[in-house]
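Below is one structure, written out as structure tokens; comments come after it.
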Amino acid sequence: MNTSFGTRLIGMLLLSATTSLAAWDTGTALPDLTKFKLEGKVPAIAGKVVLVDFWASWCGPCKASFPALDSLQKDYGDKGFIILAVNQDKTGEAMKTFLAEHPVSITALRDPENKLVAAADVSSMPSSYLVDRSGKIRYLHRGFHGEKTLAQYRKELELLLSEKAGGS
């Protein structure tokens, strides 16, 4: 095999493999969440900065992230920010029990058929997608790393909340 051709082929295969890993990526539009048969009321999000957070009651880092997410919602909610916490538990009862033990002011929804989870290609939890006012995904977060993640969320939120719809 020609070395140049082989190098290009490997590069193309790596590129296609990495681009297929994330169905949602920065710069792509957040799909219409009402089309995914989520349990719970999907609030109006047009013109808002949105954090879509995928979580489960059995996930330790998810549990650790909930107080941080709640503080973000309280600090930025009146500025046009909303968190949609999308639960992946197999039963609604597991989600309800978790929320009773960890009350928060964020909007919790459940994806009983994992259709939204599949569309986003969630590979680790928690996974979060920060969306700007125009509906484009701007930042991705995998996992929760305490104060480091919280500081990153705050930095990104300050930027997105200062922008008008359209990303400027």
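The values are calculated or read from the model by the stated rules, or taken from the named source; none is laboratory data. All of these numbers come straight from a predicted model, not from anything done at the bench. Here the Cβ is made from the backbone with ideal geometry for all residues, glycine too, and neighbour counts use every protein chain on show.
ALA151 satisfies every condition listed in (1) surrounded by fewer than 13 Cβ atoms within 10 Å (Cβ to Cβ); (2) in a loop (DSSP other than H, G, I, E, B); (3) not charged (D, E, K, R) except (2). In the range 116-123, the count of residues that are more than 20 Å from GLY27 (Cα to Cα), modelled with pLDDT under 95 and among the small types (Gly, Ala, Ser) is zero.
Checked against the criterion of being modelled with pLDDT of 95 or more, surrounded by 17 or more Cβ atoms within 10 Å (Cβ to Cβ), within 13 Å of the chain's Cα centre (by Cα) and within 20 Å of VAL42 (Cβ to Cβ), the range 70-78 has no qualifying residue. Here ASP121 passes the criteria (1) in contact with a Gly (Cβ under 7 Å, 6 or more places away or on another chain); (2) at positive phi; (3) charged (D, E, K, R) except the one numbered (1). Among the residues making up the range 100-112, those that are touching a residue at least 12 places away in the same chain (Cβ under 8 Å) and over 12 Å from VAL86 (Cα atoms) are HIS102, VAL104, SER105. Taking the criterion of being buried (at least 16 other Cβ atoms within 10 Å of the Cβ) and within 23 Å of PHE36 (Cα to Cα), the residues of the range 93-111 that qualify are ALA94, MET95, PHE98, LEU99, ILE106, THR107, ALA108, LEU109, ARG110, ASP111.
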